[in-house]
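Asks: Starting off with a structure, shown below.
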Amino acid sequence: MVSSSRIKVPAYFSIGRAREVQRRLAKSLIFEDVIKGEPRSIAGVDVGYKGDVAVACAVLLDYASLRVVEYSLTTSKVFFPYIPTLLSFRELAPAYRALKGLREEPDIIMVDAHGYAHPFRLGLASHLGAVMRKPTIGVAKKLLCGKIGEWRGYWAPVMDKGEVIGAALRLAEGAKPIYVSVGNMISLEKAIEITIKTSRRHRLPEPTRLAHLLASKALKRI
């Protein structure tokens, strides 16, 4: 990750206005399943960094077989520093470009980031889903806010201020939990179901796991 001291907040950017955007978009999120039945395809998205370069990968999978259909890589200069709770303003543009590089449009997008399980209820998965008006799921490796409730087998609710904002999941025996939340246009129950169905006994589900691996390989070539 790039040091925030090397990359300054753009002169035109206002944290106050960013918070207003987060609050407004968070209110527009849809927590219902827009797609009925099984999706045909799912895309995983991840963004990685090397120096002042960001590499974003979107990988499209056939939902039933988890076969890789295609993938898209984009490379761009990092223009925004890392600011806690404002990650989407740093990663939205590269993630969007990678998704638009796919020839086929995915039914659902899984993002290596939080969705609603965010202090301002608008992580990258939700921000991307609101901008693209697509069903999105946030799958993160670390808890950003809230507390894990009582485990119910392989999952436990993530609670914050009396509200269920996501779920902790263990996809493999002995693995650390991951944190699933609604991005947009999907229910938490469906987001959990899809995350489990796209898992192959790794800690992460295949869409974001493969996107991370491909982005990491691309970064090594830079």
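The values are calculated or read from the model by the stated rules, or taken from the named source; none is laboratory data. Small disclaimer: the values here were computed from a predicted structure and weren't measured. Positions of Cβ are generated from backbone atoms using ideal geometry, with glycine treated the same way; all protein chains shown enter the neighbour counts.
Asks: If you scan the stretch 145-181, which residues turn out to be under 16 Å from P207 (Cβ atoms) and in contact with a Gly (Cβ under 7 Å, 6 or more places away or on another chain)?
Replies: If the condition is that a residue be under 16 Å from P207 (Cβ atoms) and in contact with a Gly (Cβ under 7 Å, 6 or more places away or on another chain), then Y179, V180, S181 are the ones that fit.
Asks: I'd like the full set of residues that are surrounded by 24 or more Cβ atoms within 10 Å (Cβ to Cβ) and aliphatic (A, V, I, L, M), limited to the stretch 37-54. Steps first, answer last, please.
Replies: The first filter runs over the stretch 37-54 and keeps only residues surrounded by 24 or more Cβ atoms within 10 Å (Cβ to Cβ), leaving 42-47, 54.
Across the stretch 37-54, the qualifying residues are I42, A43, V45, V47, A54.
Asks: Within the stretch 62-78, identify whether any single residue is in a strand (DSSP E or B) and within 23 Å of L188 (Cα to Cα), and answer yes or no. I'd like the intermediate steps shown before the answer.
Replies: Pass one, the stretch 62-78, residues in a strand (DSSP E or B): 62, 68-77.
Retained after the next criterion (residues that are within 23 Å of L188 (Cα to Cα)): 62.
Yes, that holds for at least one residue.
Asks: In the stretch 91-117, how many residues are part of a loop (DSSP other than H, G, I, E, B) and either under 13 Å from the mean Cα position of the chain (by Cα) or at positive phi (or both)? Walk me through it before giving the result.
Replies: Looking only at the stretch 91-117, we keep the residues that are part of a loop (DSSP other than H, G, I, E, B), and these are 101-107, 112-117.
Narrowing further to those that are either under 13 Å from the mean Cα position of the chain (by Cα) or at positive phi (or both): 112-117.
Qualifying residue count, the stretch 91-117: 6.
Asks: Do we have S88 as over 23 Å from A64 (Cα atoms), small (G, A, S) and under 9 Å from the mean Cα position of the chain (by Cα) here? So that I can check it myself, show each step before the final result.
Replies: Values: over 23 Å from A64 (Cα atoms): yes; small (G, A, S): yes; under 9 Å from the mean Cα position of the chain (by Cα): no.
Criteria not met by S88.
Asks: Scan the stretch 142-175 for residues that are surrounded by 15 or more Cβ atoms within 10 Å (Cβ to Cβ) and closer than 27 Å to L99 by Cα and report the count.
Replies: 8
Asks: Let me confirm something: among A211, A156, A167, A218, which residue is over 17 Å from I109 (Cβ atoms) and within 15 Å of the chain's Cα centre (by Cα)? It would help to see each step written out before you state the result.
Replies: Details: A211 fails: over 17 Å from I109 (Cβ atoms); A156 fails: within 15 Å of the chain's Cα centre (by Cα); A218 fails: within 15 Å of the chain's Cα centre (by Cα).
Criteria check complete, one pass: A167.
Per-residue answers, yes or no, for (1) over 28 Å from I196 (Cα atoms); (2) more than 20 Å from the chain's Cα centre (by Cα); (3) in a strand (DSSP E or B):
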{"residue": "V9", "(1), (2), (3)": "yes, yes, no"}
{"residue": "Y12", "(1), (2), (3)": "yes, yes, no"}
{"residue": "A18", "(1), (2), (3)": "yes, no, no"}
{"residue": "K27", "(1), (2), (3)": "no, no, no"}
{"residue": "K36", "(1), (2), (3)": "no, yes, no"}
{"residue": "V45", "(1), (2), (3)": "no, no, yes"}
{"residue": "G48", "(1), (2), (3)": "no, no, yes"}
{"residue": "A54", "(1), (2), (3)": "yes, no, yes"}
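Asks: For the stretch 119-160, which positions are without any contact (Cβ under 8 Å) to a residue 12 or more places away in the chain and at positive phi?
Replies: Of everything in the stretch 119-160, just one residue is without any contact (Cβ under 8 Å) to a residue 12 or more places away in the chain and at positive phi, namely G153.
Asks: Could you grab me the full set of residues in the stretch 56-71 that are of a type in the set (A, V, I, L, M, F, W, C), within 20 Å of H202 (Cβ to Cβ) and under 19 Å from the mean Cα position of the chain (by Cα)? Give the steps one after another, and end with the answer.
Replies: Filtering the stretch 56-71 down to residues of a type in the set (A, V, I, L, M, F, W, C) leaves 56-61, 64, 66, 68-69.
This time we only want the ones that are within 20 Å of H202 (Cβ to Cβ), so: 57-61, 64, 66, 68-69.
Correct list: C57, A58, V59, L60, L61, L66, V68.
Asks: Suppose the filter is over 19 Å from L171 (Cβ atoms) and within 15 Å of the chain's Cα centre (by Cα); does L128 pass it?
Replies: Values: over 19 Å from L171 (Cβ atoms): yes; within 15 Å of the chain's Cα centre (by Cα): yes.
For L128, the condition - over 19 Å from L171 (Cβ atoms) and within 15 Å of the chain's Cα centre (by Cα) - is met.
Asks: Another question about this same structure. If I filter the stretch 73-100 down to residues being of a type in the set (A, V, I, L, M, F, W, C) and within 19 Å of V59 (Cβ to Cβ), which single residue comes out as surrounded by the most Cβ atoms within 10 Å (Cβ to Cβ)?
Replies: From the stretch 73-100, those of a type in the set (A, V, I, L, M, F, W, C) are 73, 78-80, 83, 86-87, 89, 92-93, 95, 98-99; that's our starting set.
With the extra rule that they be within 19 Å of V59 (Cβ to Cβ), the set shrinks to 73, 92-93, 95, 98-99.
Values: L73: 17, L92: 17, A93: 17, A95: 30, A98: 26, L99: 23.
Ranking the qualifying residues of the stretch 73-100, first place goes to A95.
Asks: Another question, if that's okay. Considering each residue of the stretch 132-154, count those that are farther than 12 Å from S181 by Cβ, at pLDDT 95 or above and not charged (D, E, K, R), and give that number. Write out each step before concluding.
Replies: Keep residues of the stretch 132-154 that are farther than 12 Å from S181 by Cβ, which gives 132-135, 141-142, 147-154.
If we keep only those that are at pLDDT 95 or above too, we end up with 132-135, 141-142, 147-151.
So of that shortlist, the ones also not charged (D, E, K, R) come out as 132, 135, 148-149, 151.
Number of matching residues: 5.
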